[in-house]
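Here the structure comes first, spelled out in structure tokens, and everything after it is commentary.
The values are calculated or read from the model by the stated rules, or taken from the named source; none is laboratory data. All values reported here derive from a predicted model rather than from experimental measurement. Here the Cβ positions follow ideal geometry from the backbone for every residue, glycine too, while neighbour counts run over all protein chains shown. Please note that ligands, DNA and RNA were not included when accessible areas were found on the heavy atoms of the full protein model with its side chains. Shrake-Rupley method; radii C 1.70, N 1.55, O 1.52, S 1.80 Å.
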Amino acid sequence: MKLSNVIAGASAAIVAFQAAACVLKGETDLLRPPGAQSEEDFLSRCVKCGKCIEACPYRSLSPASQGAGVAVGTPCIDAREQACRLCEDFPCVAACPTGALRDVDGRRDVRMGIAVIDEELCIAFQGMRCEVCYRACPLIDEAIVIDYRMREGDAIHSVFAPAIVQDACVGCGLCVERCVVGEPRTAIRIMCDAERARTANDGS
């Protein structure tokens with residue numbers, strides 16, 4: 001075996017190890033493109049070539065900034081700025097040369113994250129009719145449903161509260177982009193893979 005191959009293999013192993021350590025420390029809470037598997041798997045495969053970024057017709061993807069540690073330059077999504085549109089042909093997945101994005105045949109195969117609603121900020125929970133996130137969802141009545149109920153202590157007015165169906169939510173972020181609440185932050189966000197993994201570990 002050539003020395004250059006040995007060095008290349010060792011370098012790849014070091015990068016993968018650093019990526020895994022970064023994930024375990026929770027330093028990369030980034031929303032990844034469709035087809036990304038675990039954050040550890042993604043970081044070990046992504047070569048930061050930018051082909052998925054170039055392939056996205058909606059310009060939803062951009063390289064992670066300097067604050068992302070070893071993940072700098074890898075593709076991510078700012079859902080508030082431009083969420084994933086879940087293209088039918090998934091050009092970002094097709095463009096990936098390393099398998100960092102893979103195994104997506106349809107929208108329901110995507111697992112980018114899970115939407116989480118802040119009930120203290122969501123105006124629907126305050127008794128105002130909104131449904132914007134519900135209407136924006138590409139999997140309406142599957143990933144987001146409306147929970148109709150009476151307001152506590154109010155026998156006249158109802159609450160039309162959005163509720164996330166975790167098994168169906170793919171984490172595209174369209175609900176975040178369209179949320180009418182902006183201050184102090186949006187009333188809905190996407191919990192990405194790294195954060196979910198860390199939360200699960202903290203709870204175990």
Query raised in the report: Taking segment 51-73, which residues are out of contact with any strand residue (DSSP E or B) (no Cβ under 7 Å at 6 or more places or on another chain) and in a loop (DSSP other than H, G, I, E, B)?
Result: 56, 57, 58, 59, 65, 72
Report task. Kindly indicate whether any position in segment 42-58 is at pLDDT below 95, open to solvent by 10 Å² or more (accessible area, probe 1.4 Å) and not charged (D, E, K, R). Result -> no
Requested in this report: Scan segment 131-182 for residues that are open to solvent by 50 Å² or more (accessible area, probe 1.4 Å) and within 21 Å of the chain's Cα centre (by Cα) and report the count.
Outcome: 9
**Report entry** Number of positions in segment 87-103 that are surrounded by fewer than 20 Cβ atoms within 10 Å (Cβ to Cβ) and either outside any helix (DSSP H, G or I) or within 18 Å of the chain's Cα centre (by Cα) (or both)
**Finding:** 9
Requested in this report: For segment 104-130, name all the residues that are farther than 19 Å from residue 159 by Cα and either among the aromatic types (Phe, Trp, Tyr) or open to solvent by 80 Å² or more (accessible area, probe 1.4 Å) (or both).
Outcome: 105, 107, 108, 111
Report task. Keeping to segment 183-196, report how many residues are surrounded by 15 or more Cβ atoms within 10 Å (Cβ to Cβ) and closer than 20 Å to residue 136 by Cα. Result -> 7
Query raised in the report: Limited to segment 72-86, what total is found for residues that are of a type in the set (Val, Ile, Thr) and either open to solvent by 30 Å² or more (accessible area, probe 1.4 Å) or without any contact (Cβ under 8 Å) to a residue 24 or more places away in the chain (or both)?
Result: 1
Requested in this report: Can you tell me which residue within segment 136-182, out of those that are free of Cβ contacts under 8 Å to residues at least 24 places away in the same chain and not in a loop (DSSP other than H, G, I, E, B), is nearest to residue 109 (Cα to Cα)?
Outcome: 140
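For the condition of a type outside the set (Phe, Trp, Tyr) and touching a strand residue (DSSP E or B) at 6+ places or on another chain (Cβ under 6 Å), what is the one hit in 173, 153, 182?
173
One line per residue, one yes/no per condition, for (1) of a type outside the set (D, E, K, R); (2) modelled with pLDDT of 95 or more:
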site: 115; (1), (2): yes, yes
site: 122; (1), (2): yes, yes
site: 132; (1), (2): yes, yes
site: 135; (1), (2): no, yes
site: 154; (1), (2): no, no
site: 159; (1), (2): yes, no
site: 162; (1), (2): yes, yes
site: 189; (1), (2): no, yes
**Report entry** Cβ-Cβ under 7 Å pairs, at least 6 apart or on other chains, segment 122-133 side closer than 9 Å to residue 161 by Cα, far side open to solvent by 40 Å² or more (accessible area, probe 1.4 Å) and in a helix (DSSP H, G or I)
**Finding:** 130/123
